[in-house]
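The values are calculated or read from the model by the stated rules, or taken from the named source; none is laboratory data. Keep in mind the model is a prediction, meaning the values are calculated, not measured. Counting neighbours? That spans all protein chains shown, and the Cβs are built from the backbone with ideal geometry, glycine included.
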């Protein structure tokens, strides 16, 4: 429990606010600062539930009286901001009255034996966050993001992930060549060939590769895959959204070992 007094901020020029503006508005600022911004009660509660201790907890002046009992001592430092200052930092239509700044773990190499999801240049933040949620739900505890993929700790990916980040091993900026160190088989999704998912024998653990929204999985990774898998689409659509395809494939793997 922190014994430090509550810090009240009224000035837009406060150094902490300048740091927070960068974290909230620049999708890759967390890489330089080693910190991420969690906006809103849901993300904050998800972090606490998984044992994360915030470096800074921030609250609007109007919300602080009701938040104090629940969140008053969860962070190393607690800051109360004028409502307008906190709202000015938000990119949401309805700004949240609270948020955390969390210190991120040091970058680590991926575990070659872990059940994984490989993001091959998946660029939409909503898709990436949704894939992280599915990965956590179905037992894939490692995300390997190849260069060109959306920044995993960006505010948009965090919101779409809905708390999944805090229970996953996240490895970024990986080169395709580095995947040669994986000790688990690669499975790639394909809309044009391979075995149908509902008929395939799926290995466990494995690494599912989810490809770029427009281009799909790169030919080099597809050539190295142990299996090419397609999802039967009796309705006749040409392809599925990558996040939807990931949910279907990861569920199939998880259900197969249940």
Selection status of residue 165, over 25 Å from residue 106 (Cβ atoms) and touching a residue at least 12 places away in the same chain (Cβ under 8 Å): no
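If you check 36, 75, 49, 67, which single one turns out to be surrounded by fewer than 13 Cβ atoms within 10 Å (Cβ to Cβ) and either within 22 Å of residue 153 (Cβ to Cβ) or touching a strand residue (DSSP E or B) at 6+ places or on another chain (Cβ under 6 Å) (or both)?
Among 36, 75, 49, 67, only 49 is surrounded by fewer than 13 Cβ atoms within 10 Å (Cβ to Cβ) and either within 22 Å of residue 153 (Cβ to Cβ) or touching a strand residue (DSSP E or B) at 6+ places or on another chain (Cβ under 6 Å) (or both).
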Kindly indicate whether any position in the stretch 8-23 is touching a residue at least 12 places away in the same chain (Cβ under 8 Å), buried (at least 21 other Cβ atoms within 10 Å of the Cβ) and outside the structural domain of residue 167 (by TED's automatic domain parsing). yes
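Residues are listed down the side, and each one gets a yes or a no for (1) under 30 Å from residue 25 (Cα atoms); (2) surrounded by fewer than 18 Cβ atoms within 10 Å (Cβ to Cβ):
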{"site": "155", "(1), (2)": "yes, no"}
{"site": "162", "(1), (2)": "yes, yes"}
{"site": "175", "(1), (2)": "yes, yes"}
{"site": "250", "(1), (2)": "no, no"}
Kindly provide the set of residues from the stretch 174-190 that are touching a strand residue (DSSP E or B) at 6+ places or on another chain (Cβ under 6 Å), without any contact (Cβ under 8 Å) to a residue 60 or more places away in the chain and in a loop (DSSP other than H, G, I, E, B), ordered by number. 190
In the stretch 129-151, what residues are in a strand (DSSP E or B) and over 16 Å from residue 111 (Cβ atoms)? 146
Out of 216, 211, 193, sole residue that is in the same structural domain as residue 132 (by TED's automatic domain parsing), within 17 Å of the chain's Cα centre (by Cα) and at pLDDT below 95: 211
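If you scan the stretch 24-33, which residues turn out to be without any contact (Cβ under 8 Å) to a residue 60 or more places away in the chain and either assigned to a loop (DSSP other than H, G, I, E, B) or surrounded by 15 or more Cβ atoms within 10 Å (Cβ to Cβ) (or both)?
Step one: list which residues in the stretch 24-33 are without any contact (Cβ under 8 Å) to a residue 60 or more places away in the chain, which gives 26, 29, 32-33.
Within the stretch 24-33, 26, 29, 33 qualify.
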Within the stretch 136-162, work out how many residues are in contact with a strand residue (DSSP E or B) (Cβ under 9 Å, 6 or more places away or on another chain), closer than 19 Å to residue 247 by Cα and touching a residue at least 40 places away in the same chain (Cβ under 8 Å). 5
Within the stretch 214-239, which residues are out of contact with any strand residue (DSSP E or B) (no Cβ under 8 Å at 6 or more places or on another chain), closer than 25 Å to residue 179 by Cα and in a loop (DSSP other than H, G, I, E, B)? 214, 215
